[in-house]
Amino acid sequence: MSSSELEAYIDRIVGDMTSDELSTLEKYPTVFAKKIRDKIDELEREYCTARFVEEIERASIVCKPSWKLPGTTAPALVLENPVAKSLYESEEDVNGFEREMMMALSGLSNIVWWHRNIARREFAINGLTNHYPDFMAYTTKGRLLLIETKGDHLNNPETRAKLRMGRQWQNSTGDEFRYYMVFQNNDPGLEGAYEFGKFLGLIQGL
């Protein structure tokens, strides 16, 4: 949004205000400025999302096999004790729900290997933003799984935007690739998002 468009947008907002609202604006200008900024950010995200989906439908945006797993990895915080089926000798340390996921993947008979994807350094789904799923896992049937773990309290717009992007990536890459968002205890009722136990049952057939 250009400065002239921004000024026109603010003028329209102020022009529609009542005298009481204008009085409040004079007393608390920073509060109103934040609300306006938040609204502009929301409109910008909606516009970018619509354009992104449109370009995918036009096949102007496509997925290409342009990324390779590195030969070695050097996480800043290394997992202290080795865990079965890890792809590398050194994996990034995890805690909480991520540790539960790591241990569960290591114990599944159909998982060949798993890897803790290092954010901002390794694989990203390139969409409206760069989304770095928490885990990669490879199955005996030759499917690569991208897994994003979420605490139950993180069912928010940012999380749902990541889920949409992940599913769009899956739909654009073919049958051998899967994306899942996994919540610790709750089933959010969203396509591609699962409660932990249900997710583990599902991927055993992949």
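Just so it is clear, none of the values below were taken in a lab; they were calculated from the coordinates. Given the structure is predicted, the values throughout are model-derived calculations rather than measurements. With ideal geometry, Cβ positions are generated from the backbone for all residues, glycine too; neighbour counts draw on all protein chains shown.
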Tally of residues being closer than 30 Å to Arg45 by Cα, touching a Phe, Trp or Tyr at 6+ places or on another chain (Cβ under 7 Å) and not hydrophobic (A, V, I, L, M, F, W, C) across segment 100-121: 3
Matching entry among Ile10, Ile118 (being on the phi < 0 side of the Ramachandran plot, among the β-branched types (Val, Ile, Thr), touching an Asp or Glu at 6+ places or on another chain (Cβ under 8 Å) and in contact (Cβ under 8 Å) with a residue 24 or more places away in the chain): Ile118
Count - residues of segment 48-88 that are of a type outside the set (Phe, Trp, Tyr) and closer than 20 Å to Leu144 by Cα: 16
Number of the exception - Ile61 against (1) within 27 Å of Ala161 (Cβ to Cβ); (2) assigned to a helix (DSSP H, G or I); (3) of a type in the set (Val, Ile, Thr): (2)
Of residues in segment 190-201 being outside any strand (DSSP E or B) and aliphatic (A, V, I, L, M), the one farthest from Tyr138 (Cα to Cα): Leu190
Top-ranked residue of segment 138-168 - restricted to ones that are under 29 Å from Val83 (Cα atoms) and in contact (Cβ under 8 Å) with a residue 60 or more places away in the chain, ranked as surrounded by the fewest Cβ atoms within 10 Å (Cβ to Cβ): Lys141
Residue list for segment 91-115, restricted to those being of a type in the set (Phe, Trp, Tyr) and either in a helix (DSSP H, G or I) or touching a residue at least 40 places away in the same chain (Cβ under 8 Å) (or both): Phe97
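Per-residue answers, yes or no, for (1) in contact with a Phe, Trp or Tyr (Cβ under 6 Å, 6 or more places away or on another chain); (2) among the hydrophobic types (A, V, I, L, M, F, W, C):
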{"position": "Glu158", "(1), (2)": "no, no"}
{"position": "Leu163", "(1), (2)": "no, yes"}
{"position": "Gly166", "(1), (2)": "yes, no"}
{"position": "Asn171", "(1), (2)": "no, no"}
{"position": "Gly174", "(1), (2)": "no, no"}
{"position": "Val182", "(1), (2)": "yes, yes"}
{"position": "Asn185", "(1), (2)": "no, no"}
Options Ser23, Ser60: the member that is among the small types (Gly, Ala, Ser) and more than 27 Å from Arg120 (Cα to Cα): Ser23
